[in-house]
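Contents: one structure, followed by commentary.
The values are calculated or read from the model by the stated rules, or taken from the named source; none is laboratory data. Just so it is clear, the model here is predicted, and its values are computed rather than measured. Reconstructed Cβ throughout: ideal geometry from the backbone, glycine too, with neighbour counts over all protein chains shown.
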Amino acid sequence: MVKKSPKKYTPNSKEKYMCAKHKKYFNERLVSWRKEIIKSNTESVILNNMDDNSASADIVDQASSQTEKSVELRASNRRRKLVNKIDQALKKIKDGTYGFCEETGEPIGLKRLIARPIATLSIEAQERHEKEEKIFVDN
């Protein structure tokens with residue numbers, strides 16, 4: 001006999017914003033995401049160490065290998081930065097500031113956090129930030 005797994009919990013707006021259930025949900029999600037990233041980084045390091053064409057006599061193989069390593073290094077750096085952002089979000093859950101905009105102090109919103117659990121700005125603040133960035137870049 002196969003047991004039905006319990007329905008997966010998803011935070012909803014009928015509950016009090018950032019109640020214990022919400023915090024538990026986001027904490028588990030962030031911890032799981034962090035583990036995946038670290039596992040992925042570890043695997044890529046192992047694969048990079050195993051595949052070494054730099055000693056190859058063919059200059060094309062050497063160039064290709066260097067390009068692949070460069071791309072993987074950038075991806076690894078992005079993953080490392082993401083782990084730092086996840087760690088910051090986990091810290092915010094512990095200190096009770098998770099889910100609130102760093103600029104306005106207003107709730108970020110469940111939909112946004114479900115889509116991007118490391119969000120630190122509300123949609124409005126993020127859009128304002130991007131407009132200011134665009135204006136700065138255009139000048």
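Before moving on, here are some points about what is shown:
- Residues of the stretch 85-122 that turn out to be hydrophobic (A, V, I, L, M, F, W, C) and touching a Gly at 6+ places or on another chain (Cβ under 7 Å), as a count: 2
- Within the stretch 123-139, no residue that is surrounded by 11 or more Cβ atoms within 10 Å (Cβ to Cβ) and assigned to a helix (DSSP H, G or I) sits with its Cβ atom under 8 Å from a residue that is modelled with pLDDT under 90 and polar (S, T, N, Q) at 6+ positions apart or across chains.
- Number of positions in the stretch 28-62 that are over 30 Å from Leu113 (Cβ atoms) and either modelled with pLDDT under 80 or not aliphatic (A, V, I, L, M) (or both): 17
- The residue that is nearest to Ile38 (Cα to Cα), counting only those in the stretch 101-117 that are surrounded by 17 or more Cβ atoms within 10 Å (Cβ to Cβ) and in contact (Cβ under 8 Å) with a residue 24 or more places away in the chain, is Pro117.
- Within the stretch 108-133, being touching a Leu at 6+ places or on another chain (Cβ under 8 Å) and over 12 Å from Phe26 (Cβ atoms) holds for one residue alone: His129.
- Selection status of Ile93, touching a residue at least 24 places away in the same chain (Cβ under 8 Å), in a loop (DSSP other than H, G, I, E, B) and under 25 Å from Ile38 (Cα atoms): no
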